[in-house]
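What follows is a single structure, written as structure tokens, with notes after it.
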There are 2 protein chains.
Amino acid sequence: MSLVETLYPNDRVIIREVGLRDGIQMAEVYPDTEQKKRWIRAEYDAGVRHFEIGSFLPVSRFPQFADVREIIDFTHSLPGAVAVALVLNERGIEEALKANVDELTVVMSATEEHNQANARRSRKDSIKAIRHAVVLRDQLNPNAIINAGISMAFGCSIAGHVDPDEVIRIAQACLDAGVDTVGVADTVGYGGPTEVSAVCERMTRLLSGRPYVVHLHNTRGTGLANAAAALKAGATIFDASLGGLGGCPFAPGATGNVVIEDMVYLAEKMGFATGIDIEQLVQARKLIKESMPDEPLYGDIAKSSLPKNFVYCS
Amino acid sequence: MSLVETLYPNDRVIIREVGLRDGIQMAEVYPDTEQKKRWIRAEYDAGVRHFEIGSFLPVSRFPQFADVREIIDFTHSLPGAVAVALVLNERGIEEALKANVDELTVVMSATEEHNQANARRSRKDSIKAIRHAVVLRDQLNPNAIINAGISMAFGCSIAGHVDPDEVIRIAQACLDAGVDTVGVADTVGYGGPTEVSAVCERMTRLLSGRPYVVHLHNTRGTGLANAAAALKAGATIFDASLGGLGGCPFAPGATGNVVIEDMVYLAEKMGFATGIDIEQLVQARKLIKESMPDEPLYGDIAKSSLPKNFVYCS
């Protein structure tokens, strides 16, 4: 069994908490180290095992991630918990590998236009950089996996429409560069169920049994509709955050990540076991309210309740 | 062409505004007659043609519907606009028919348990009452159509699970009683895409080309995911409300109707023409803010924008 299949067992749909990175990256008020630990602990107790715990970025600009190493160590103190970190450059890759992170997420864009605007290089050069990340990983920490996140995979804020075949071509190039898995991200929430089905059906075929990541945003209300389409298309790893924490950097005031409580409910409702207790997740929202009191929290299951006779999948 | 097909042309997916009934039924502060007219006019200008404009209920208990006749007349002053009213008893049916409403919605429950608790009679007796409504219609106003709304069609707050075959059996009984169309309602928001697909695929077969109504709630966040499933299963008429106005009578504080702006966006995004302009709908939200300032408005497209290069279906 490959390392990625060990970290992502195929007996369930895996829903990852990305709030500790994506959810606080733009926040001015964010949880301190102890609050982060309580947050991780509460979701771990609810059954969540995968946490994007931060980013290896300059502390001067991103003080919210200054404690990223301590958070990795804390995550590793919980049996079976997996720590994922975002890295954007070679220095970050080296630091993340030395910090013993389980998974590094490197990113590039589906479109040439957005890759140039965001990373100031061609997609071809981004693939080269990803290849280099794999070499570094092999040298510094062969136990870490690398996930290549393809942003703008369902629509692009610069190019508009994105051809699913193009996303698959880039996913293939990332796999050829040696990454362990690939992610497709609806970075600006442009996707609808049609685009998500088209991309994820091809991704499921391309990865042929290996898990891949789907990162959806709810910017235009389609988050769960898109997640349902991805589940039907065979996707098994989803990103989400408690209360939908994290906005959209391209649309101030707009909704960001898919709400993890609602995402778990949707998956279980559709017959996919997650191993996660929804009511315990809902309880954990109060930790966010304490550490980020002015941050809007989203989600509908938190305002209602589980249906009568609701049964979790097993 | 039957009357129902004239009111619901098959060249588009029809999204109905139900806020003027479902959205204000529980509200203590509600729009006055002129505000209701401005609301209808704004959505009419955006392309909406179908309005549930109120209910024929005792004015002493439901003063928000005291102007229902004037609102019907106003709706009829707009070419092509259709006025739908909810009726709960024989007196209401007679009054609605005399008021020249285009469509009467009569309701019964999918489950014996809920029908007994809600209407204090058996489902068999409800079918008899529906048959009687058809007789009254034939006598008093043959130009009105009757829609039998089946509540709890995707899950029941008393019985829990609802068998799709049972919903179809009741839909067939309603059609046998002479109604023009049938609606399936997720009254308490218990349904997920699996239940909605199961019921709507059978409904599409049962109605064989005749349109039927899908009334979804977003109580547990699955509103648009369920709508996507219903669209794929062949449903062509959807209920929704501006800003998701209207809560859930069974879960205080919970989300109610599907947000009409987001619903139109979803349908267009999936390739189904609606004839409705999303940005004009978003503009109309301010009328609700004026007439019901304390009512929470939901929806995500209103907080973001249409995607770059977004194209409406035609």
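Can A:Val259 be described as closer than 26 Å to B:Ala267 by Cβ and within 9 Å of chain B (Cβ to nearest Cβ)? Against the criterion (closer than 26 Å to B:Ala267 by Cβ and within 9 Å of chain B (Cβ to nearest Cβ)), A:Val259 qualifies. Beta carbons closer than 9 Å, at least 6 apart along the sequence or on distinct chains, never pair a first residue in region B:68-84 that is in a loop (DSSP other than H, G, I, E, B) with a second that is small (Gly, Ala, Ser) and surrounded by fewer than 23 Cβ atoms within 10 Å (Cβ to Cβ).
For region A:30-54, the set of residues classified as β-branched (Val, Ile, Thr) and over 18 Å from the mean Cα position of the chain (by Cα) consists of A:Thr33 only. Just one residue in the set B:Val196, B:Val264, B:Val213, B:Val259 is among the β-branched types (Val, Ile, Thr) and within 16 Å of A:Asp300 (Cα to Cα); that residue is B:Val259. Each residue in region A:74-122 was checked for being buried (at least 22 other Cβ atoms within 10 Å of the Cβ), among the small types (Gly, Ala, Ser) and within 20 Å of A:Arg61 (Cα to Cα), and 2 pass. Does region A:183-217 hold any residues that are within 12 Å of another protein chain (Cβ to nearest Cβ), part of a loop (DSSP other than H, G, I, E, B), of a type outside the set (Val, Ile, Thr) and touching a residue at least 40 places away in the same chain (Cβ under 8 Å), and which are they? Across region A:183-217, the qualifying residues are A:Asp186, A:Gly189, A:Leu216. Checking each residue in region A:1-29 for being closer than 26 Å to A:Gly243 by Cβ and over 19 Å from the mean Cα position of the chain (by Cα) picks out A:Glu28, A:Val29. When region A:298-311 is filtered for residues that are under 20 Å from B:Ala228 (Cβ atoms) and part of a helix (DSSP H, G or I), only A:Ile301 remains. Scanning region B:270-297 for residues that are assigned to a helix (DSSP H, G or I) and of a type in the set (S, T, N, Q), which turns out farthest from B:Thr33 (Cα to Cα)? By that ranking, first place goes to B:Gln280.
Listed here are the residues, each with its yes/no results for (1) crowded, with 24+ Cβ neighbours inside 10 Å; (2) outside any loop (DSSP other than H, G, I, E, B).
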| residue | (1), (2) |
| --- | --- |
| A:Phe238 | yes, yes |
| A:Gly253 | no, no |
| A:Glu268 | no, yes |
| A:Cys313 | no, no |
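Exactly one residue among B:Gly253, B:Gly234 is more than 8 Å from every other protein chain (Cβ to nearest Cβ) and not hydroxyl-bearing (Ser, Thr, Tyr), and that residue is B:Gly234. The criterion of at least 2 residues that are closer than 17 Å to A:Ile168 by Cα is met, among helices (runs of 4 or more DSSP H) falling completely within region A:90-150, by A:112-119, A:123-140. Within region B:26-72, being closer than 19 Å to B:Glu103 by Cα and hydrophobic (A, V, I, L, M, F, W, C) holds for B:Ile40, B:Val48, B:Phe51, B:Ile53, B:Phe56, B:Leu57, B:Phe65, B:Ala66, B:Val68, B:Ile71, B:Ile72.
Read-outs throughout are calculated quantities, based only on the coordinates presented, and are distinct from any laboratory measurement. Given the structure is predicted, the values throughout are model-derived calculations rather than measurements. Here the Cβ is made from the backbone with ideal geometry for all residues, glycine too, and neighbour counts use every protein chain on show.
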